[in-house]
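The values are calculated or read from the model by the stated rules, or taken from the named source; none is laboratory data. It should be emphasised that the depicted structure is a prediction, and the values quoted were computed from it without experimental measurement. In this analysis, Cβ positions are derived from the backbone assuming ideal geometry, glycine residues included, and neighbour counts consider all displayed protein chains.
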Amino acid sequence: MIIETERLILRPWTQGDKKPFAAMNADPEVMRFFPSTVGEEQSNAAVDRAIQHQKDYSFCFWAAELKADGQFAGFIGLQHVPDALECAPAVEIGWRLARNTWGQGLAPEGARAALRYGFNVLKLDEIVSLAPKLNKPSLRVMEKIGMTTDAVDDFEHPLLSEDSPLRPCALYRIKR
C-alpha cells in the first residue's frame, strides 16, 4: 500500500526508517508539544506498533518520504484512538514531520491524501484529530484540511499530569 501526493510518498514502515525516526523524535523542537523527547528504544517500539497496526487494519501512521530525493520526512496517516480517550473508539488522523520539512505545506498535503484513503478505501464515516490546545501549528493543519471543532468536545488528556500545560486538548472531526 502506497499513497502518493504531488511531493510525498506515504508508505509502510521499514526497519531503515528507525534511525531517522529516532533522530526526529530526539529533536526538542519537533517534540515541543509532547511531554518530552523520545529515546531510541521508545521510538523503535512506535515503529513496530505502526507496522503491526498496518498488518492488523491496513492503515497506520505511515512513513512519509519526499518524492524528490527519498528523504524520510516523518509520518502522516491514520490510527485507532487509544482506548483511554473519551472519543474512542474512533480513527484519528495525525502527522509528525522532521523540522527541515516544516513550512512547505507537506502536512496538509499528506493529510488530505490520508483522509481520501480513510473515506474512499476504508469507508470510514468520520475521522478525528486531537492535539493540545497549545499546538497551534497542528490545529491550523486540521482546519486547512476541512476539520471542525466544537468546544463541547474539548478534553483533558487523561495520560498527562494534571499540571501539564499540554493536558487541555481540542478534538477536531470530519465526516465523509
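You will find that of Ala23, Ala68, Ala63, the residue that is of a type in the set (A, V, I, L, M, F, W, C) and part of a helix (DSSP H, G or I) is Ala23 and no other.
Filtering Leu134, Leu159, Leu166, Leu124 for residues that are touching a residue at least 40 places away in the same chain (Cβ under 8 Å), closer than 17 Å to His80 by Cβ, surrounded by fewer than 18 Cβ atoms within 10 Å (Cβ to Cβ) and not polar (S, T, N, Q) leaves a single hit, Leu159. Restricting attention to the stretch 1-14, does a residue exist that is assigned to a helix (DSSP H, G or I) and modelled with pLDDT of 95 or more? No, the conditions are met nowhere in the stretch 1-14.
Residues in the stretch 29-52 that are surrounded by 15 or more Cβ atoms within 10 Å (Cβ to Cβ) and among the hydroxyl-bearing types (Ser, Thr, Tyr): Thr37, Ser43. Checked against the criterion of being closer than 25 Å to Pro168 by Cα, of a type outside the set (Gly, Ala, Ser) and either in contact with a Ser or Thr (Cβ under 8 Å, 6 or more places away or on another chain) or at pLDDT 95 or above (or both), the candidates Val30, Val47 yield just one match: Val30. Exactly one of these conditions fails for Lys67: (1) among the charged types (D, E, K, R); (2) closer than 26 Å to Gln15 by Cβ; (3) without any contact (Cβ under 8 Å) to a residue 60 or more places away in the chain. Give me its number. (3) is the only condition that Lys67 fails.
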